[in-house]
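Have a look at the structure below before the remarks.
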Amino acid sequence: MLGRMMNDLAPLMELQNHMNQLFENFFEDMPSQRGYNAGYPGVNVWEENDAAYLEAELPGLTLNDVELTVTGNEFTISGERKIAEQPGAAYHRRERATGKFSRTLRLPWDVDADKVEARLQNGILSVKLPKAEASKPKKIKLLSA
Amino acid sequence: MNNNNAIERQESQAVQKVEPTQPAAIYTPLVDIVETNDAFTFQADMPGANAQDIDVTYENNVLTIQAKVQPQHRDNYLLQEYGTGHYYRQFSLNTPVDPDAIKADFRDGVLELQVPKAATAKTRKIQIRAAS
């Protein structure tokens, strides 16, 4: 009897799993507060006109320190922040973090890697990730009877 | 307490230290403070600020760093992990410094301040004359 019940519910469970995955793809880790608990760097992403736009705060880095890679629908930001140590100095406060970081985001569609534009200015990374042609929605023509 | 008193309400709003031109959150930048014998170095992470909108003031032993940043508002974020807004932070310095010689440099979103100590505040070695 238990086996029978599980079978009937299977499509519902599948729908639930699909919905969970849809959200997980974007909200990989829930950020708890303003801070980079979701992974460094924190990002803001919005979609407009067949492209996703991403902004991240990366103070102290130039484009040489950051590596951006695109694989299918995954976009990775990685790099290393180094802060020069002053020998013989006393540190009163050390709040800024250093080290290597890497973060991968998954978009719901494939990215056209050749048309990606990125800029790093005043510590803000701005990236335009256009949709791959194959991922764009296509109107289906209805054949008249 | 209720702010039914219109004058109380106005006064409590007037005490704000930073007056933004539009309602925006104010963020505290992360800062490293390093002290050498000659100077203090402040390094503040302020991504998104522009050099011309940054204000550094020194008054009565208090060093204030602020930056006005245009906050970005969008209706259609897919993911929003950080907000944008102004920066503000104050430091109380116990050591006398030379305010005219403060140097500020803003690069890649990091503000670096070199604050030289006043001549009187630097440690000086005292020569000991040995009795002969």
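Points to keep in mind about this one:
- Loop-resident sites, region B:58-132, for trypsin sites (Lys or Arg not before Pro), counting at most 12 other Cβ within 10 Å (DSSP): B:R74, B:R124, B:K125, B:R129
- Sparse-neighbourhood loop sites, trypsin sites (Lys or Arg not before Pro) in region A:75-145 - DSSP loop, at most 12 other Cβ within 10 angstrom: A:K82, A:K138, A:K139, A:K141
- For region A:62-118, the set of GluC sites (Glu not before Pro) satisfying both a DSSP loop assignment and a count of at most 13 other C-beta atoms within 10 Å is given as A:E85, A:E95.
- Near the amide H of B:T84, within less than 5 Å, lie the amide hydrogens of B:Q72, all on another chain or at least 5 residues away, with H placed in the peptide plane.
- Projected label points at A:E133 and B:K103, each 7 Å from Cα along the beta carbon direction, are separated by 5.4 nanometres.
Every number in this text was worked out from the coordinates using simple rules, so none of it is lab data. Note that the structure is a prediction, hence the values are computed from the model and not measured. Reconstructed Cβ throughout: ideal geometry from the backbone, glycine too, with neighbour counts over all protein chains shown.
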